[in-house]
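> If you scroll down you'll find the structure; I have some questions about it.
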């Protein structure tokens, strides 16, 4: 699975509109600038792990929802957890620790 901002950005915009939020309101909730949100929604800016976490908190949903990953069973074939499980042990452990560290850092930024 490859990140495609031009598909995910409009999905994020739709999530925002479904929550009846303006860009300014989302900016206030996340701490991201209006410009950053507009760039993400237009697909011109990649989503950082920190931005993903902030959007998850603002929209009160999981990463699969933000990234528009459909769950077709448990576990989701395209989930981050499933992809990490496919890696060799050392790489999987490294990525898990890295993601946990980044999530903890993002929590402190909120």
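> Among 41, 104, which comes first, then next, by fewest other beta-carbon atoms within 10 Å?
Least crowded to most crowded, the residues run 104, 41.
> Continuing with this model, one more query. Take residue 46 and residue 21, extend 7 Å from each Cα along the Cα→Cβ direction, and tell me the distance between the two endpoints in nm.
2.3
> To two decimal places, what compactness ratio does the chain give when its Cα radius of gyration is scaled by 2.2 N^0.38 Å?
Compared with the compact-globule rule of thumb, the chain sits at 1.10.
> If each of residue 92 and residue 14 carries a label point 7 Å out from its Cα toward its Cβ, how far apart are those two points in nm?
Rounded to a tenth, the inter-label distance reads 3.3 nm.
> How much length would be gained if the chain were fully extended between residue 28 and residue 3, taking 0.36 nm per residue of separation minus their Cα-Cα distance, in nm to one decimal?
In short, 6.4 nm is gained.
> Work out, in µm²/s and without decimals, the Stokes-Einstein translational diffusion coefficient of segment 26-66 at 10 °C, 1.306 mPa s, Rh from Kirkwood over C-alpha pairs.
Taking Rh from Cα pairs, D becomes 156 µm²/s.
> Ignoring everything except DSSP H segments at least 4 long, calculate the 222 nm mean residue ellipticity for the chain; use -39,500 (n - 2.57) per segment, divide by total residues, nearest 500.
-20000 deg cm²/dmol
> Defining a contact as two alpha carbons under 8 Å apart and six or more residues distant in sequence, what relative contact order in percent does segment 5-109 show?
25
Throughout, read-outs are computed from the coordinates displayed, never taken from laboratory work. Since we're looking at a predicted model, the values are computed, not measured. Using ideal geometry, Cβ is built from the backbone for each residue, glycine included, and neighbour counts are taken over all protein chains shown.
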